Amino acid sequence: MKASILKKSLISMIDSKIPVFVWGNPGVGKSSIIKQIANDKNMEFIDLRLSLLDPTDLRGIPFFDSANKSAIWAKPEFLPNSNSQAFGILFLDEINSAPPTVQAAAYQLILDRKIGEYTLPMNYAIVAAGNYESDRGVTYRMPTPLANRFVHLDFELDFEEWKSWAYESKIDTRIISFLSYKPQNLFTFDAKAKEKSFATPRSWSFVNDILNSNLQIEFLKDVISGAVGKDSSDEFMNFCKVIDKLPNIQEILEAINTEVPTNNSVLYALCTGIVYALKENSSIEKVTNILNYSLNLPNEFSVMLIRDLQKEGVEIESSVSWKSWVNANKFLIG
């Protein structure tokens with residue numbers, strides 16, 4: 001399921017305290033979605049990597065109670081206090097990367113919300129995530145008893161939803177423009193490939209950080225290749241050279257410049273730049289100018305631009321030019 005549907009489903013499962021497992025390819029943003037839910041709901045968030053634990057780590061360490069002449073188990077420090085009234089998420093990331101003995105130790109915690117003498121706080125939900133076995137990572141087949149303790153949800157990467165996230169997260173316009181031009185480059189993972197680096201939403205976030213660093217321009221291509229792979233790096237850098245011919249977006253917003261580029265790469269970059277500009281500083285005059293300008297764009301770019309503006313919450317339907325735009329593109333928008 002797409003990120004927006006996954007997020008709504010997860011919120012429902014979390015509110016109901018139903019253990020849920022999110023499956024997905026590496027680097028697509030499974031963990032980010034779960035962390036975002038915790039932030040949005042102001043919940044505590046404990047990220048527990050079972051692959052780093054021994055089976056005994058979950059149970060805790062016994063110590064001698066001299067008063068009762070018996071052993072008492074001290075809970076692990078990484079688990080929340082049983083008496084806590086806070087709302088939280090216990091996130092078991094990469095759970096299927098943990099050895100089977102550790103997975104088995106988690107059975108009781110996941111289903112019964114307790115392990116040994118320890119009980120999970122009543123307001124905590126359990127969410128787990130992991131990659132598919134076919135991704136050829138370090139994974140173990142999940143035992144049937146453990147699998148049956150979860151509701152299983154599959155995360156499907158969707159470019160349009162990623163693009164909305166990228167605008168909101170202020171990802172570099174060059175990255176959004178390039179991936180709008182070549183959306184297949186958002187995710188290039190191939191389990192059979194020998195190349196160490198490949199493109200994923202996570203690695204494109206690395207590229208965003210690289211572009212914002214002080215790295216000298218002559219080193220960019222090789223370093224970006226280390227994030228998203230050689231082919232994606234070569235195509236992206238060539239794309240960046242072309243969009244240097246981008247017209248002044250501020251002049252277009254003010255209707256000073258009405259020139260329309262003919263190169264598709266430049267058009268993708270131009271549309272992305274306009275969305276960013278209006279998202280940051282919109283006015284009815286600028287929106288009207290862009291609606292008029294878009295009528296001169298190739299139809300597919302005109303529709304893409306206006307739809308992206310709508311997705312990003314820019315008010316366009318109150319413009320006097322809105323009806324003209326709809327009439328000109330009604331055969332494309334249905």
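Quick one: S205 ticks every box in (1) within 21 Å of T272 (Cα to Cα); (2) touching a residue at least 60 places away in the same chain (Cβ under 8 Å) bar one, so which box is it?
(2)
Tell me, please, whether a residue that is of a type in the set (S, T, N, Q), outside any helix (DSSP H, G or I) and not assigned by TED's automatic domain parsing to the domain that holds E94 can be found in region 109-128.
Looking only at region 109-128, we keep the residues that are of a type in the set (S, T, N, Q), and these are 119, 123.
Subset that is outside any helix (DSSP H, G or I): 119, 123.
Keeping just the survivors that are not assigned by TED's automatic domain parsing to the domain that holds E94 gives none.
No; the residues of region 109-128 include none that is of a type in the set (S, T, N, Q), outside any helix (DSSP H, G or I) and not assigned by TED's automatic domain parsing to the domain that holds E94.
Considering every residue within region 226-237, establish whether at least one is closer than 18 Å to A193 by Cβ, in the same structural domain as N299 (by TED's automatic domain parsing), surrounded by 14 or more Cβ atoms within 10 Å (Cβ to Cβ) and among the β-branched types (V, I, T).
Within region 226-237, one or more residues are closer than 18 Å to A193 by Cβ, in the same structural domain as N299 (by TED's automatic domain parsing), surrounded by 14 or more Cβ atoms within 10 Å (Cβ to Cβ) and among the β-branched types (V, I, T).
Quick one: which residue in Q85, Q103 is crowded, with 21+ Cβ neighbours inside 10 Å and either outside the structural domain of K192 (by TED's automatic domain parsing) or over 20 Å from S31 (Cα atoms) (or both)? Write out each step before concluding.
Details: Q85 fails: crowded, with 21+ Cβ neighbours inside 10 Å.
Going through Q85, Q103 in turn, the sole match is Q103.
Just to be sure, is A71 surrounded by fewer than 14 Cβ atoms within 10 Å (Cβ to Cβ), farther than 23 Å from R149 by Cα and touching an Asp or Glu at 6+ places or on another chain (Cβ under 8 Å)?
Here the answer is yes, as A71 does meet what is asked.
The values are calculated or read from the model by the stated rules, or taken from the named source; none is laboratory data. These figures come from a predicted structure and were not determined experimentally. Don't worry about glycine lacking a Cβ; one is built from the backbone with ideal geometry, like all the others, and counts go over all protein chains shown.
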